[in-house]
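**Student:** Before I ask anything, let me first share the structure, which is written out below as structure tokens.
The values are calculated or read from the model by the stated rules, or taken from the named source; none is laboratory data. Since we're looking at a predicted model, the values are computed, not measured. Every residue, glycine as well, gets a Cβ built from its backbone with ideal geometry; the counts of neighbours run over all protein chains shown. Side chains included, ligands, DNA and RNA excluded: accessible areas come from the protein's heavy atoms. Shrake-Rupley method; radii C 1.70, N 1.55, O 1.52, S 1.80 Å.
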Amino acid sequence: MSTVTQNPVMLYTEQTPNPESLKFVTNRMLHRGTADFKEEALAKEWSPIAEKLFEFPYVKGVYVCNNFVTISKEFNYSWDDIMLKLKEFIKAYIGDDKEIIKEGFEEAMAAIEKENGVAYQYTGEQAELVKKIKELIDTYVKPAVEMDGGNIEFKSFDEGIVTVVLQGSCSGCPSSTVTLKAGIEGMLKRMVPEVKEVVSEMG
């Protein structure tokens, strides 16, 4: 019997710019890094908490990062009806110290990324540009997007067009297009003149 008593789990919700996503913030570190589950199959394989959340009929996506879980709901449900149930479930789950993300998840995702060739197929000048673009996204864009319960990943750079993948609350969010065009595209064009446009894919 362990005598270490952990602080009680604190949990509060934060709005995100996407009306279909809500951020559930805790006082515990859940996962160092980002874990995005759009479908139940991936959740079953890698995340016991996401798998359980998908059992609720209104849960459409689960995104775990640092100390929060962003849940995307089916649009025909209202947060007023489901928020409390989700809050209680997450609080109890974390309070029982159950597994959040299985070991090896990051490696598995990195392997998939490598297979899809995220930045591996670039050479010479192109590789330098891609490195710079990725650094700018990681330094300036990612922290702001994470505050809104989402994530952004660089996907490709081809003939002046940067493609990024939006995850968590950013995926399918009406205002993310504005952010993308006004904020990210503007900044990248200023810092990297070779960039002509930024487009997004939903993660």
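**Student:** For region 1-102, which chymotrypsin sites (Phe, Trp or Tyr not before Pro) are both in a DSSP coil and crowded by at most 16 other Cβ atoms within 10 Å?
**Tutor:** Here the chymotrypsin sites (Phe, Trp or Tyr not before Pro) that fit, given the DSSP loop and packing criteria, are Phe75, Tyr77.
**Student:** Still on this structure, please answer the following. Counting Lys and Arg as +1 and Asp and Glu as -1, each charge on the Cβ, what is the dipole of region 52-198 about the Cα centre in debye, to the nearest 20?
**Tutor:** Taking the Cα centre of region 52-198 as origin, the dipole is about 340 debye.
**Student:** If you don't mind, there's one more thing I want to ask. Taking region 124-203 as the region of interest, what is the percent of Cα-Cα pairs per 10 angstrom bin, listed from the shortest bin to the one with the maximum distance?
**Tutor:** 19, 58, 21, 2
**Student:** Using the crude model of +1 on Lys and Arg Cβ and -1 on Asp and Glu Cβ, and no other charge, please compute the dipole size for region 1-62 relative to its Cα centre, in debye to 20.
**Tutor:** 220
**Student:** Determine the principal axes of the Cα atoms in the chain, then give the extent along each, sorted from largest to smallest and rounded to whole angstroms.
**Tutor:** Principal extents (Cα only, largest first): 58, 36, 30 Å.
**Student:** Put a dot 7 Å past each Cα toward the Cβ at Lys91 and Gln126; how far apart are the dots in nm?
**Tutor:** Inter-label distance under the simple model: 5.3 nm.
**Student:** With the full set of protein chains in place, find how many percent of the accessible area of the chain is carbon and sulfur; take the probe as 1.4 Å.
**Tutor:** The nonpolar share, carbon plus sulfur, comes to 53 percent.
**Student:** Something else: Using only the Cα atoms of region 1-108, what are the Rg and Dmax in Å?
**Tutor:** Cα radius of gyration and Dmax of region 1-108 are 13.6, 45 Å respectively.
**Student:** So with the 1.4 Å probe, I'd like the accessible area per residue for the chain, rounded to whole Å².
**Tutor:** Accessible area per residue, the chain: 55 Å².
**Student:** Could you give the length gained on full extension between Lys38 and Arg190, defined as 0.36 nm per residue of separation minus the Cα-Cα distance, in nm?
**Tutor:** Stretched out fully, the Lys38 to Arg190 stretch lengthens by 51.4 nm.
**Student:** Divide by every residue of the chain the summed helix terms, -39500 (n - 2.57) for each DSSP H run of at least 4, and state the resulting mean residue ellipticity at 222 nm, rounded to the nearest 500 deg cm²/dmol.
**Tutor:** Value at 222 nm, helices only, nearest 500: -10000 deg cm²/dmol.
**Student:** Farthest toward the dipole's positive end in region 37-188, which of Gln167, Ala41, Gln126, given Cβ charges of +1 (Lys, Arg) and -1 (Asp, Glu) about the Cα centre?
**Tutor:** Highest projection toward the positive end goes to Gln167.
**Student:** Only bridges with both residues in the chain count here: give the DSSP antiparallel percent, nearest 5.
**Tutor:** 85
**Student:** Under 15 Å from a point placed 7 Å out from the Cα of Ala110 along the Cα-to-Cβ direction: which residues of region 7-46 have their backbone N that close?
**Tutor:** Output list for this probe position: 32-35.
**Student:** Another question, if that's okay. When only Cα pairs under 8 Å and 6 or more residues apart are kept, what is the percent relative contact order across the chain?
**Tutor:** In percent, rounded to a whole number, it is 21.
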